[in-house]
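**Q** Just dropping this structure here.
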Amino acid sequence: MTTSPTALVLRHDVGIGLGNVEATLASRGYVVTTIDTPGADLGAVDPVAWDVVVVLGGAEGAYETDLPPHLAGEIALLAARAAERRPILGICLGAQVLATALGG
């Protein structure tokens with residue numbers, strides 16, 4: 001039995017969606033799970049349970065000295081995922097968070 005590929009989407013703002021990435025994932029049969037990160041317990045998320053993790057944009061900046069708690073959790077999750085060499089796509093703020101998770 002073949003299972004569908006899976007994607008975890010980390011969303012910072014309900015008004016910011018996947019855009020064109022949504023159609024790409026759908027056309028390839030991905031089952032998408034979205035977590036609204038503000039208020040989520042990201043420590044309970046297995047960083048390698050999905051085939052790909054997509055981190056979306058938001059109003060925050062990963063360079064801010066007082067990171068919102070959800071960004072710190074995302075950085076930890078992405079660092080653990082990157083250590084396992086698993087695919088991650090960061091868009092806008094998501095790219096900043098990913099760069100920070102990788103030591104940038």
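The values are calculated or read from the model by the stated rules, or taken from the named source; none is laboratory data. Everything quoted here is computed from the prediction, not taken from an experiment. Backbone-built Cβ (ideal geometry, glycine too); neighbour counts: all protein chains shown. Quick note on the areas: whole protein, heavy atoms, side chains included, nothing else; ligands and nucleic acids left out. Shrake-Rupley method; radii C 1.70, N 1.55, O 1.52, S 1.80 Å.
**Q** Among 41, 66, what's the order by accessible area (1.4 angstrom probe), most exposed first?
**A** 66, 41
**Q** First check a/c for the stretch 47-97, with a ≥ b ≥ c the square roots of the eigenvalues of its C-alpha gyration tensor; if it is under 1.5, answer rounded, and if not, answer prolate when a/b is larger than b/c or oblate otherwise.
**A** Since a/c reaches 1.5 and a/b is larger than b/c, the shape of the stretch 47-97 is classed as prolate.
**Q** Sticking with this structure for a sec: Amide H to amide H under 5 Å from residue 55: which residues, 5+ apart in sequence or cross-chain, H placed 1.01 Å off N in plane?
**A** Long-range HN contacts for residue 55: 10, 89, 90, 91.
**Q** Please compute the per residue accessible area over the chain with all protein chains in place, 1.4 Å probe, rounded to a whole number of Å².
**A** I get 55 Å² per residue for the chain.
**Q** If you take Cα Rg over 2.2 N^0.38 Å from the coordinates, which of [x] 1.08; [y] 1.42; [z] 1.02 do you get?
**A** [z]
**Q** Could you run the Karplus curve 6.51 cos²θ - 1.76 cosθ + 1.60 with θ = phi - 60° over the stretch 39-51 and give me ³J(HN,Hα) per residue in whole Hz, x for Gly and Pro?
**A** Whole-Hz 3J(HN,Hα) from phi for the stretch 39-51: x, 7, 8, 6, x, 8, 8, 6, x, 10, 6, 10, 6.
**Q** I'd like the carbon and sulfur percentage of the solvent accessible area for the chain, probe radius 1.4 Å, heavy atoms only, ligands and nucleic acids excluded.
**A** Answer for the chain is 55 percent, counting heavy atoms of protein chains only.
**Q** Taking the Cα centre of the chain as origin, work out the dipole magnitude from +1 charges on Lys and Arg Cβ and -1 charges on Asp and Glu Cβ, in debye rounded to 20.
**A** For the chain, the charge dipole is close to 400 debye.
**Q** Once both axes come from the Cα atoms, what is the angle between helix 69-83 and the longest principal axis of the chain, in degrees from 0 to 90, rounded to 10?
**A** 60 degrees
**Q** Scan the stretch 17-104 for trypsin sites (Lys or Arg not before Pro) in coil per DSSP, keeping those whose Cβ has at most 15 other Cβ atoms within 10 Å, and list them by number.
**A** Counting only loop positions with at most 15 other Cβ atoms within 10 Å, the trypsin sites (Lys or Arg not before Pro) in the stretch 17-104 are 28, 85.
**Q** Given contacts defined as C-alpha pairs under 8 Å and at least six residues apart, what's the relative contact order of the chain, whole-number percent?
**A** The normalised contact order for the chain reaches 31 percent.
**Q** What is the calculated FRET efficiency for residue 91 to residue 27, with r their C-beta to C-beta distance and R₀ = 25 Å, to the nearest 0.05?
**A** For residue 91 and residue 27, the calculated efficiency is 0.85.
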